[in-house]
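The values are calculated or read from the model by the stated rules, or taken from the named source; none is laboratory data. Everything numeric in this text was worked out from a predicted model, so none of it was measured. Glycine gets a Cβ as well: all are built from the backbone with ideal geometry, and neighbour counts include every protein chain shown.
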Amino acid sequence: MVGCPQVIAGALHPLSAVLARRFGVRTVGLPNLLVPGSPVVEVLQDLSVTKLAPPLRAALVEGAAAASVLRETLGGVLGPPGFGERAAAAIAREWAS
């Protein structure tokens, strides 16, 4: 999905939403958790057309340029391809010790 315009949309369980608000959690999307500044717009809880249309329209207009910046930024955070394998190996080493 990296390289495609993105908007994160979803609804949390009501209890999770209350706790998130109470503890000041501002983002739940993985790209936004990994990259400072929340580069991907998140629409949470209210998934009405009026809430989703503006960020979706903006993502389509910005398109490839914004996706390219996100890809480069995430690449800097995650490193070269193979992040999953490196993470699994690190966890296995930790468990073995």
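Looking across region 1-48 at every residue that is of a type in the set (D, E, K, R) and more than 16 Å from the chain's Cα centre (by Cα), the one that is farthest from residue 70 (Cα to Cα) is identified as 22. Beta carbons closer than 8 Å, at least 6 apart along the sequence or on distinct chains, pair a first residue in region 13-36 that is within 20 Å of residue 76 (Cα to Cα) with a second that is among the polar types (S, T, N, Q) and in a helix (DSSP H, G or I) for 35/73.
Annotation note: Cβ proximity below 6 Å between a residue of region 44-68 that is closer than 28 Å to residue 16 by Cα and a residue that is part of a helix (DSSP H, G or I) (sequence gap 6+ or interchain) occurs for 45/17. State yes or no: is residue 20 surrounded by 14 or more Cβ atoms within 10 Å (Cβ to Cβ) and touching a Leu at 6+ places or on another chain (Cβ under 7 Å)? Answer is yes for this residue.
Taking first residues from region 72-97 that are within 21 Å of residue 39 (Cβ to Cβ) and partners that are surrounded by 10 or more Cβ atoms within 10 Å (Cβ to Cβ) and not charged (D, E, K, R), the Cβ contacts under 7 Å between residues at least 6 apart in sequence or on separate chains come to 73/35; 73/39; 74/2; 74/31; 74/34; 74/35; 77/34; 77/35. Are any of the residues in region 54-69 among the polar types (S, T, N, Q), assigned to a helix (DSSP H, G or I) and at pLDDT 85 or above? No, region 54-69 has no match at all.
Once region 6-17 is narrowed to residues that are outside any strand (DSSP E or B) and surrounded by 11 or more Cβ atoms within 10 Å (Cβ to Cβ), the residue that is modelled with the lowest pLDDT is 6.
Here residue 50 meets the list (1) among the β-branched types (Val, Ile, Thr); (2) outside any strand (DSSP E or B); (3) surrounded by 10 or more Cβ atoms within 10 Å (Cβ to Cβ) almost entirely, failing just condition (3).
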